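All of the numbers you see were taken from the coordinates with simple rules; none came from a lab. Computed from a prediction, not measured in an experiment: that's the story for all the values here. Every residue, glycine among them, receives a Cβ derived from its backbone with ideal geometry; neighbour counts consider all protein chains shown.
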Amino acid sequence: MDLENRITENLKFLREKISDAERRSGRPSGCVKLQAVSKFHPLDAVLAAVNSGQFLFGENRVQEAVQKFEKLVHTEKKIELHIIGALQRNKVKNSIAIASCIESVDRIELIAEIEKQCSKVEKKIDVLFEVHTGEESKSGFRTTDELEKVLLYCAEGNAPHVCPKGFMTMAPFTKDESLIRKSFCDLRNAAEKMQRHYPDFPLKELSMGMSNDFQIAIEEGSTLVRLGTAIFGEREY
Ligand SMILES: *Cc1c(COP(=O)(O)O)cnc(C)c1O
């Protein structure tokens, strides 16, 4: 099967799995969005996905994202890109030029830099706060106290171009389903608490679930699953 057919088949299969998981957990049909994570895959793969009706993408490295998406997001209005990887300050400017959302905000200084760059070009951007819930890497806010601080920073009007929309996490890489489930459950609980404390922000987005664990994530309240391998196949690093 050629690349485009394979990607089309995978997307169709995954959309069904997402619907099944929504139904199974008593959630409204269509409440979970699918993001295609195209990192390490070529532009051709992205275009194949677009041809089968996939318009939301995620990339974790800014340089690579710019190469693939700079033209695309400006010519094809429907295409949207989220940045999902650890972000250095000096990559913020290029990120906001191509992305509609930065999901990997993991420190207050990053908000300050996003605000600075967005105000220069008078653009508003959505952000999610990345929360550390058990995955190996060090990124992400670790406690609800830390989340309180960053939300307070935004609520005090320090970053008017930055629109907090919710939270993102990565579950630990393990076969132990209970640990994965706990990770997603922790994110949902933290999100609910923050929403109570900051009712003026629409903190509805819960970006959780990857190829191996998206069905569990949906059962635990995910609104956005980030799927790479299940759509495009294994990555060659
Ligand atoms: C790579 C990546 C994904 C997709 O992972 P798969 O296991 O290939 O689905 C999702 N989220 C983040 C943050 C990633 O870096």
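Tell me whether the stretch 105-127 contains one or more residues that are within 16 Å of the ligand (Cβ to nearest atom) and part of a helix (DSSP H, G or I).
Yes, the stretch 105-127 contains at least one residue that is within 16 Å of the ligand (Cβ to nearest atom) and part of a helix (DSSP H, G or I).
So, in the stretch 21-56, exactly how many residues are within 16 Å of the ligand (Cβ to nearest atom) and among the aromatic types (Phe, Trp, Tyr)? Please lay out each step first, then the result.
Taking the stretch 21-56 first, the residues within 16 Å of the ligand (Cβ to nearest atom) are 21, 32-42, 45-46, 49, 54, 56.
With the extra rule that they be among the aromatic types (Phe, Trp, Tyr), the set shrinks to 40.
Looking only at that region, the number is 1.
How do the pairs read when you match residues in the stretch 224-237 that are in contact (Cβ under 8 Å) with a residue 60 or more places away in the chain and surrounded by fewer than 12 Cβ atoms within 10 Å (Cβ to Cβ) with residues anywhere that are of a type outside the set (Gly, Ala, Ser) and part of a loop (DSSP other than H, G, I, E, B), using Cβ under 8 Å and keeping only pairs 6 or more apart or on different chains?
Sorted first by the residue in the stretch 224-237, then by its partner, the pairs are 236/40; 237/40.
I'd like to check something: does the stretch 72-91 contain any residue that is in a loop (DSSP other than H, G, I, E, B), polar (S, T, N, Q) and under 20 Å from residue 205 (Cβ atoms)?
No: the stretch 72-91 contains no residue that is in a loop (DSSP other than H, G, I, E, B), polar (S, T, N, Q) and under 20 Å from residue 205 (Cβ atoms).
Rundown of residues vs (1) in contact (Cβ under 8 Å) with a residue 40 or more places away in the chain; (2) closer than 29 Å to residue 38 by Cβ; (3) in a loop (DSSP other than H, G, I, E, B), yes/no style:
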residue: 138; (1), (2), (3): no, yes, yes
residue: 173; (1), (2), (3): no, yes, yes
residue: 181; (1), (2), (3): no, yes, no
residue: 185; (1), (2), (3): no, yes, no
residue: 193; (1), (2), (3): yes, no, no
residue: 210; (1), (2), (3): yes, yes, yes
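Return yes when residue 166 is part of a strand (DSSP E or B), farther than 21 Å from residue 189 by Cα and not β-branched (Val, Ile, Thr) and no when it is not.
Numbers: part of a strand (DSSP E or B): yes; farther than 21 Å from residue 189 by Cα: no; not β-branched (Val, Ile, Thr): yes.
So residue 166 fails the test.
What tally of residues in the stretch 57-79 results from selecting those that are crowded, with 20+ Cβ neighbours inside 10 Å, charged (D, E, K, R) and within 14 Å of the ligand (Cβ to nearest atom)?
Total meeting the criteria: 1.
Among the residues of the stretch 82-99, how many are touching a helix residue (DSSP H, G or I) at 6+ places or on another chain (Cβ under 9 Å) and crowded, with 16+ Cβ neighbours inside 10 Å?
12
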